[in-house]
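Here the structure is laid out as structure tokens; the discussion comes afterwards.
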Amino acid sequence: MNNKGTSICITSAKGGVGKTILTLNLAGLYATLNKKVLIIDFDLSGGAIAAALNLTYQKSVYNFVDDYNNNRYKEFKNYITSYNNKIDVLPSPKDPRQAGKINPKYIEIILDKAVFNYDIVLIDTNSNLSEINILTMDLVDNLLLVVTNDPLDLKNTRSLISILKDVNFNNYKVLLNESVNPFKKYFSLYDIKNIIKSNIDYVLSKDLYLKNIDSFIMNGEIMTLDDKASTAFPKDYTTMMQIITDIHEKGDKE
């Protein structure tokens, strides 16, 4: 493709908030809209994208960087593993020790090649404010910040949003994921907004908590590619569709 695609980084201020599952579900929805999607796993020391999809792969982010650094790089597609005919993955390193060998200067190169080969590039990250994650957030078109109703998560998110505001970083949306802790409701939506000092743009309700979610993961399946997804969790399916619609329309205008 000749046109530049749209890049979206899914991040958080704390682990265990549902970023990876959300990333996969958004990828599934984009695929249903006939978009060519690449998922990049920048959780370099503990990424779960390939594991969640049951992917067997030989090349990762580390191999791209190592080959590029040693003049062995030829084509971007050589580092990609396909999930289906619409969704590809650039996995995190198999060996966590390789994460420390990835020079941040190659992140821009990876993202640049990705957006000129795909309609949508989804980047899954960890919650550390590492140089690589900060650079990624700075380079992408959109940032989706995932938060839960956990007290520690809310405090960390408040700090992260404060940092983003201090550096005039405005291209982010906040998603409250209530499905992670469906049986505990510590705070109201009003309370959460006051705690994090920010608006909540999207809410995934506790109804998205599915008892059979483990079977999807064990089978390497994406929920939103299931024919029954729109009826199994209609409210949250609509919310996720709204997310990708908002991002896509913003990308078209820019």
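Just so you know, all these numbers are worked out from the coordinates, no wet-lab data involved. The model shown is predicted, which means the values in this text are computed figures rather than measured ones. Reconstructed Cβ throughout: ideal geometry from the backbone, glycine too, with neighbour counts over all protein chains shown.
Summary of values
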quantity: Efficiency of FRET between E131 and S230 - r from beta-carbon atoms, R0 35 angstrom, step 0.05; calculated: 0.30
quantity: At least 18 Å along the helix axis (C-alpha) and Kyte average at least -0.5, DSSP helices within the chain; calculated: 19-32, 151-166
quantity: Translational diffusion coefficient (Stokes-Einstein; Kirkwood radius from C-alpha pairs) of the chain at 37 °C, 0.692 mPa s, in µm²/s; calculated: 177
quantity: Debye-sum result for the stretch 2-138 in log10 I(q)/I(0), which assumes one identical scatterer on each alpha carbon, at q = 0.12, 0.13 Å⁻¹; calculated: -0.41, -0.49
quantity: Orientation-averaged projected area, Cα convex hull of the stretch 131-254 (nm²); calculated: 9.2
quantity: The stretch 6-253: antiparallel DSSP beta bridges as a percent of all, rounded to 5; calculated: 5
quantity: Sites D112 and T32 - FRET efficiency at Förster radius 22 Å, r taken between beta-carbons, to 0.05; calculated: 0.25
quantity: Label-to-label distance, nm, for residues given as K94 and L152 (7 Å Cα→Cβ offset); calculated: 3.3
quantity: Estimated inter-spin distance, N219 and I163, nm [label 7 Å along Cα→Cβ]; calculated: 3.9
quantity: Simple label model, 7 Å out from Cα along Cβ direction - N194 to K4, nm; calculated: 4.2
quantity: Among 156-163, 59-66, the order from most to least packed when residues are scored by Cβ within 10 Å on average; calculated: 59-66, 156-163
quantity: Listed pairs K14/K228; K14/K35; K4/K228; K36/K101; K184/K235 exceeding 24 Å between Cα atoms; calculated: K14/K228; K14/K35; K4/K228; K36/K101
quantity: Paramagnetic reach from T56 (point 7 Å along Cα→Cβ, amide N under 15 Å) across the stretch 63-96; calculated: 81-83
quantity: The chain: calculated mean residue ellipticity at 222 nm from DSSP helix runs of at least 4, using -39500 (n - 2.57); calculated: -11500 deg cm²/dmol
quantity: Percentage relative contact order, the stretch 78-202, counting C-alpha pairs under 8 Å, at least six apart; calculated: 20
quantity: Per-bin percent of Cα-Cα distances, the stretch 60-112 [10 Å]; calculated: 24, 56, 20, 1
quantity: Over the stretch 149-232, relative contact order from alpha-carbon pairs under 8 Å, at least 6 apart, %; calculated: 33
quantity: Unit charges on C-beta of K, R, D, E only; dipole of the chain, Debye; calculated: 240
